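The values are calculated or read from the model by the stated rules, or taken from the named source; none is laboratory data. Given the structure is predicted, the values throughout are model-derived calculations rather than measurements. For neighbour counting, all protein chains shown are included, and Cβ atoms are generated from backbone atoms with ideal geometry for every residue, glycine included. Quick note on the areas: whole protein, heavy atoms, side chains included, nothing else; ligands and nucleic acids left out. Shrake-Rupley method; radii C 1.70, N 1.55, O 1.52, S 1.80 Å.
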Amino acid sequence: MPVPPSTYPHDGSEAQRIWLDEIGIEIGKLTARGGLPLPDDFVCDYSPDSLPVLENAALAYQAQPGGASSIDLYLRGLGAYLGETILFTAGGHWERSAHEDDDPAVIVDPVHKAGPVYVCDIVRRALAEGTGEVFAEEHGWMQIAADAQRVKDPSWRPVKAEDGIQRPRERA
């Protein structure tokens with residue numbers, strides 16, 4: 001049985017509160033006019049299928065003149081989007097930790113027995129590797145864990161703490 005959101009341990013820090021207040025802003029930078037070169041039909045739905053599209057747009061932006069020096073403007077937004085997608089799949093919550101870069105971490109549902117997911121580190125790795133496959137690969141590990149948990153406990157469902165972004169309604 002998943003841990004109810006009200007019992008998830010949050011660090012309660014000012015940095016945590018600020019991060020939770022700014023997740024939507026950071027993600028909004030990705031799709032704003034003049035932001036990443038996303039396809040016109042890109043839907044910000046936090047689906048696994050959207051991850052390679054977003055990662056490839058970040059790589060295309062980084063390859064533009066001046067893009068490499070300004071990609072950091074989108075680092076936390078990319079991490080926030082990836083983190084929200086992981087949370088919708090595996091359950092859990094956001095936490096600010098003692099990470100050296102003061103980056104936020106996703107703490108997935110304890111049933112998965114996974115450590116913190118430092119999403120900004122994953123973004124940095126994706127930008128360095130340039131394959132366009134890192135976001136989907138990292139999300140895939142959480143999908144495997146969630147699927148395995150559903151086999152062990154068919155009643156298990158991912159429970160995302162009431163922080164960050166609430167999942168948009170399903171598309172028709």
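Observations, loosely collected:
- When all protein chains stay in place and ligands, DNA and RNA are ignored, the 1.4 Å accessible-area order of TRP19, TRP141, largest first, is TRP141, TRP19.
- Charged side chains reduced to their Cβ positions (Lys and Arg at +1, Asp and Glu at -1) give the range 65-128 a dipole of some 180 debye around its Cα centre.
- In Hz, Karplus ³J(HN,Hα) per residue of the range 103-117 (6.51, -1.76, 1.60; θ = phi - 60°; x = Gly, Pro): 7, x, 10, 8, 10, 7, 3, x, 4, 7, 6, 10, x, x, 9
- Label-point separation, ILE25 to LYS113 (7 Å along Cα→Cβ), nm: 4.0 nm
- Accessible surface of SER155 - all protein chains present, 1.4 Å probe, nearest 10 Å²: 80 Å²
- Around the amide H of GLY92, modelled in the peptide plane, lie the amide H atoms of ASP109, VAL159, LYS160, ALA161, all under 5 Å away and 5 or more residues distant in sequence or on another chain.
- Computed on protein heavy atoms with a 1.4 Å probe, the accessible areas place TYR61, TYR81, TYR118 in the order TYR118, TYR61, TYR81, largest first.
- Only lysines eight or more places from LYS152 in sequence, or on another chain, were considered; those with a Cα closer than 21 Å are LYS113, LYS160.
- Cα gyration tensor, the range 8-126 - rounded (a/c under 1.5), prolate or oblate: prolate
- Between GLU133 and ALA15, the FRET efficiency estimated from the beta carbon spacing at R0 = 25 angstrom works out to 0.20.
- Across HIS112, HIS93, the residue with the most accessible area heads the list, and the full order at a 1.4 Å probe is HIS112, HIS93.
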